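S.K.: One structure, as structure tokens, below. Some questions next.
The values are calculated or read from the model by the stated rules, or taken from the named source; none is laboratory data. No experiment lies behind these values; they were computed from the predicted model shown. Counting neighbours? That spans all protein chains shown, and the Cβs are built from the backbone with ideal geometry, glycine included. Protein only, heavy atoms only, side chains kept; ligands, DNA and RNA dropped before computing areas. Shrake-Rupley method; radii C 1.70, N 1.55, O 1.52, S 1.80 Å.
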Amino acid sequence: MKALALLARRYLRRGIRRTDAIGAELRRVDPLIALAETAESPAPPTHHPAIRHLAAALEGFRDLAALAESGPLLPWRHGYAPHPSRPGLEDRLAWVEIIGPEAPLRYPGLCLGFVLIAPDTMYPAHAHPAVELYHIISGRALWTTGATVEERRAGDFILHPSGIPHAMTTAEEPLLTIYTWTGDVISPSRFLPERSL
């Protein structure tokens with residue numbers, strides 16, 4: 001797990017010298033990654049259906065071999081109740097938390113992990129109290145943050161302030177991102193009414 005945390009840290013550091021709010025959040029997150037401690041009993045693998053898309057998302061990324069090898073053995077999950085207008089979403093969207101209060105690497109004030117979304121999938125409008133940062137590793141998506149809608153691609157960083165509604169719709173390839181949560185990392189994310197964006 002430490003290897004995956006360091007891998008994610010290396011990718012996140014690509015934006016650490018930015019002079020905007022994204023850079024400030026990256027500088028807040030970076031030292032916390034090193035403070036995470038290994039849990040006594042890490043969660044077992046979940047064999048989540050979404051990981052069938054992991055190999056395609058990692059194609060051509062030699063530096064991510066550790067994620068390719070360990071991906072199927074990780075506790076991927078989908079933490080929402082079924083969405084009324086998106087049947088099957090729970091099989092197309094998953095995340096694995098590497099660092100967090102209940103993650104394989106424990107730290108109370110930070111969540112860090114990977115999100116994997118299947119091709120041609122809408123992750124409906126949702127919000128959470130945590131400040132969230134995404135760094136796209138592969139794929140692209142139409143990204144809605146508040147009233148802003150734009151296509152986001154590999155290499156992009158996206159910052160969601162606390163409570164802001166956001167949604168994404170993937171293209172014909174899977175989307176793989178690194179994510180971090182800071183602030184209130186305990187309160188869960190929740191789906192919002194369909195017309196909330």
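S.K.: Provide the percentage of antiparallel DSSP beta bridges, counting only those with both residues in the chain; round to the nearest 5. Walk me through the numbers on the way to the answer.
M.R.: Working: 43 of 45 bridges.
Among the beta bridges of the chain, antiparallel pairing accounts for roughly 95 percent.
S.K.: For segment 133-180, which GluC sites (Glu not before Pro) are in a loop by DSSP, counting at most 12 other Cβ atoms within 10 Å? Show your work: numbers first, answer last.
M.R.: Details: sites: Glu150, Glu151, Glu172; in loops: Glu172.
Those that pass, being in a loop and sparsely packed, are Glu172.
S.K.: Here's a follow-up. Which of the peptides 92-103, 71-82 is most tightly packed, and how do the rest follow, going by the mean number of other Cβ atoms within 10 Å of each residue? List each step's numbers first, then the result.
M.R.: Details: 92-103: 21.9, 71-82: 16.7.
The peptides rank, most packed first, as 92-103, 71-82.
S.K.: Sticking with this structure for a sec: Please report the projected area of segment 21-148's Cα convex hull averaged over all directions, in nm².
M.R.: On the way: hull surface 36.3 nm².
The orientation-averaged projected area of the Cα hull of segment 21-148 comes to 9.1 nm².
S.K.: Still on this model: Roughly how many percent of the accessible protein surface of the chain is carbon and sulfur, given a 1.4 Å probe and a whole-percent answer?
M.R.: On the way: 5160 of 9300 Å².
Carbon and sulfur atoms account for 56 percent of the accessible area of the chain.
S.K.: Given contacts defined as C-alpha pairs under 8 Å and at least six residues apart, what's the relative contact order of the chain, whole-number percent?
M.R.: Numbers: 446 pairs, mean separation 44.1, N = 197.
Across the chain, relative contact order equals 22 percent.
S.K.: Placing one identical point scatterer on every Cα of segment 85-160 and ignoring solvent, what is log10 I(q)/I(0) from the Debye formula at q = 0.13 Å⁻¹?
M.R.: With one equal scatterer per Cα and no solvent, log10 I(q)/I(0) is -0.46.
S.K.: Please calculate how many Å² of accessible area segment 13-104 carries per residue, with a 1.4 Å probe and no DNA, RNA or ligand atoms counted. Show your work: numbers first, answer last.
M.R.: On the way: 5270 Å² over 92 residues.
Ligands and nucleic acids excluded, the result is 57 Å² per residue.
S.K.: Please give, to one decimal in nm, the separation of the simple spin-label points placed at Glu69 and Ala81, each 7 Å out from Cα toward the Cβ.
M.R.: 4.2 nm
S.K.: For the chain, set up a Gaussian network in which alpha carbons nearer than 10 Å are linked by springs, and say which option among Ser187, Ser162, Ser138 fluctuates the most.
M.R.: Ser187
S.K.: How compact and how long is segment 153-197, expressed as Rg and Dmax of its alpha-carbon atoms in Å?
M.R.: For segment 153-197, the Cα-based Rg and Dmax read 12.6, 34 Å.
S.K.: Which value, in Å³ per residue, describes the convex hull spanned by the Cα atoms of segment 56-104? Working shown, then result.
M.R.: Working: hull volume 4.9 nm³, N = 49.
Roughly 99 Å³ of hull volume per residue.
S.K.: Right, something else. For segment 131-173, calculate the relative contact order in percent as a whole number, restricting contacts to Cα pairs under 8 Å that are 6 or more residues apart.
M.R.: Working: 79 pairs, mean separation 20.8, N = 43.
Relative contact order here is 48 percent.
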